[in-house]
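Undergrad: Okay, handing you the structure first.
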Amino acid sequence: MKLKGNQQFEKIEEVLQLGDFTYRLNDNNIYSIPYQNEENLNKLIQQLDPILLTNEYTYATYSVEESERFANFVRYEQLRERIMNWPLVRVINEGLFTQHMQPIVQLTSEEVFGYEFLVRPIPSELSFNPGTLFSFSQKAGLQSVLDSQARISSIEISSKFLRNGVKRFINFLPSSIYDPNHCLKSTLYAVEKYGVQPEDLIFEVVETEKIHDIDHLKNIFNVYQKQGIQVALDDLGAGFATVDILRELKPNFAKIDRAIIDHCDQYTEKQTKIKEIVNVADAYGIKLLAEGIERKEEADLCAELNIPLAQGYYFGRPKAEPDTNVFTFANLKEERP
């Protein structure tokens with residue numbers, strides 16, 4: 001455990017002494033605290049939390065079974081998240097998940113345009129909620145690892161099921177990409193390894209976080225587009241993905257948020273909002289996709305408003321193998337999970 005800044009060393013040592021923990025403090029203000037078992041470790045964390053969780057300058061790492069090989073130092077709260085949720089760390093580090101594919105259709109031609117790839121548990125491995133996994137990865141400082149693992153697994157699985165020309169929408173978190181050129185190396189390696197065409201890839205910004213640095217996101221888009229990879233903005237019209245952001249970023253694709261699409265045939269204010277988005281997209285050559293469609297009336301209105309692409313349970317649910325029979329509408333009779 002490495003301490004920076006004005007730390008209350010006396011309080012930490014008092015906690016360690018009262019808890020009967022052995023420890024060493026070197027000349028660089030780094031504490032080494034061995035622990036015997038999981039119960040002992042949880043006790044240590046519980047007693048250090050009141051002091052360390054309030055200080056952003058505390059960094060920590062670990063080694064296993066008295067090994068001299070330590071992991072990288074990370075913020076204490078991140079290491080704490082990893083220790084308390086170690087099974088999820090294993091899922092991320094070892095890529096113990098698969099991808100399901102949800103069809104994206106062309107409303108005018110009634111043909112499949114592509115598929116969105118969505119992280120799902122492997123039946124034989126740990127079960128998890130995908131949203132929980134991504135949220136945990138951010139708290140634990142593992143979002144870059146998860147982002148890379150998910151991107152590569154999407155490319156690999158897509159090569160097994162989809163022919164060239166079918167688009168693959170793959171999610172990514174902007175905060176996970178510190179250097180887009182470095183990130184792109186592993187992506188292009190996977191593209192070459194699995195025989196996927198770069199122009200079939202569409203990297204989609206997951207709008208679960210505020211876009212703090214618009215210039216950084218622009219740089220990511222530019223780097224990908226120079227390699228023939230297209231980009232998309234998700235959840236347009238909700239949260240931080242505003243029409244102004246659309247004008248600023250000018251992605252190849254933009255997905256209209258499901259909250260706007262839901263029963264849009266019944267609400268004039270939603271129709272007005274959609275028309276505004278369509279006008280901006282047309283002005284910048286951005287292809288729109290309506291997501292979350294569950295009713296024929298929604299699909300018909302979107303086609304009438306010149307939205308070319310659509311996605312939702314009305315056309316098909318995420319599945320382990322691509323669903324090509326998307327205009328049977330049989331899924332309308334199924335209950336939502």
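The values are calculated or read from the model by the stated rules, or taken from the named source; none is laboratory data. Fair warning: this is a prediction, and the values are worked out from it, not measured in the lab. Neighbour counts are summed over all protein chains in view; Cβ atoms, including those assigned to glycine, are modelled from backbone coordinates with ideal geometry. In case anyone asks, the SASA skips ligands and DNA or RNA and just uses the protein heavy atoms, side chains included. Shrake-Rupley method; radii C 1.70, N 1.55, O 1.52, S 1.80 Å.
Undergrad: I'm checking my understanding of the structure. Among residues of region 62-79 that are of a type in the set (D, E, K, R) and more than 29 Å from Ser124 (Cβ to Cβ), which one is modelled with the highest pLDDT?
TA: If we filter region 62-79 for residues that are of a type in the set (D, E, K, R), which is where we start, we get 65-66, 68-69, 75, 77.
Then keep just the ones that are more than 29 Å from Ser124 (Cβ to Cβ); that gives 66, 68-69, 75, 77.
Numbers: Glu66: 59, Glu68: 62, Arg69: 65, Arg75: 89, Glu77: 92.
My answer is Glu77.
Undergrad: Also, I was wondering about something else. Six or more apart or on different chains, Cβ atoms under 9 Å: show the pairs whose first residue is in region 129-156 and closer than 15 Å to Arg80 by Cα and whose second is of a type in the set (Ser, Thr, Tyr) and assigned to a helix (DSSP H, G or I).
TA: So the pair list comes out as Ser137/Ser144; Ser137/Ser176; Gln138/Ser175; Gln138/Ser176.
Undergrad: Please go through region 41-59 and pick out each residue that is loosely packed, with under 15 Cβ neighbours inside 10 Å and at pLDDT 80 or above.
TA: We begin by selecting, within region 41-59, every residue loosely packed, with under 15 Cβ neighbours inside 10 Å; these are 42, 46, 49-50, 53-54, 56-57.
Those that are loosely packed, with under 15 Cβ neighbours inside 10 Å and at pLDDT 80 or above: Asn42, Gln46, Asp49, Pro50, Leu53.
Undergrad: Then there's this: Taking region 262-313, which residues are under 19 Å from Arg247 (Cα atoms) and surrounded by 20 or more Cβ atoms within 10 Å (Cβ to Cβ)?
TA: If the condition is that a residue be under 19 Å from Arg247 (Cα atoms) and surrounded by 20 or more Cβ atoms within 10 Å (Cβ to Cβ), then Ile274, Ile277, Ala281, Ile286, Leu288, Leu289, Ala290, Ile307 are the ones that fit.
Undergrad: I'd like the full set of residues that are at pLDDT 90 or above, part of a loop (DSSP other than H, G, I, E, B) and farther than 17 Å from Thr187 by Cβ, limited to region 212-268.
TA: Answer for region 212-268, where residues must be at pLDDT 90 or above, part of a loop (DSSP other than H, G, I, E, B) and farther than 17 Å from Thr187 by Cβ: Lys250, Pro251, Asp257, Asp262, His263, Tyr267.
Undergrad: Could we say that Phe113 is open to solvent by 40 Å² or more (accessible area, probe 1.4 Å) and more than 27 Å from Asp179 (Cβ to Cβ) here?
TA: Working: open to solvent by 40 Å² or more (accessible area, probe 1.4 Å): no; more than 27 Å from Asp179 (Cβ to Cβ): yes.
Here the answer is no, as Phe113 does not meet what is asked.
Undergrad: Being in a loop (DSSP other than H, G, I, E, B) and open to solvent by 60 Å² or more (accessible area, probe 1.4 Å) is the filter here; which residues of region 116-150 pass it?
TA: Pro123, Ser124, Glu125, Leu126, Ser127, Asn129
Undergrad: Go through region 92-110 and report how many residues are over 22 Å from Phe203 (Cβ atoms), open to solvent by less than 50 Å² (accessible area, probe 1.4 Å) and either at pLDDT below 95 or part of a helix (DSSP H, G or I) (or both).
TA: Our first condition is that a residue be over 22 Å from Phe203 (Cβ atoms); within region 92-110, this holds for 93-94, 96, 107-110.
Right, trim to open to solvent by less than 50 Å² (accessible area, probe 1.4 Å) and you get 96, 107.
Narrowing further to those that are either at pLDDT below 95 or part of a helix (DSSP H, G or I) (or both): 107.
Final tally of qualifying residues: 1.
Undergrad: With respect to Met84, is the statement that it is of a type in the set (A, V, I, L, M), within 24 Å of Leu146 (Cβ to Cβ) and surrounded by fewer than 18 Cβ atoms within 10 Å (Cβ to Cβ) true? Reasoning before the result, please.
TA: Numbers: of a type in the set (A, V, I, L, M): yes; within 24 Å of Leu146 (Cβ to Cβ): yes; surrounded by fewer than 18 Cβ atoms within 10 Å (Cβ to Cβ): yes.
In short, yes.
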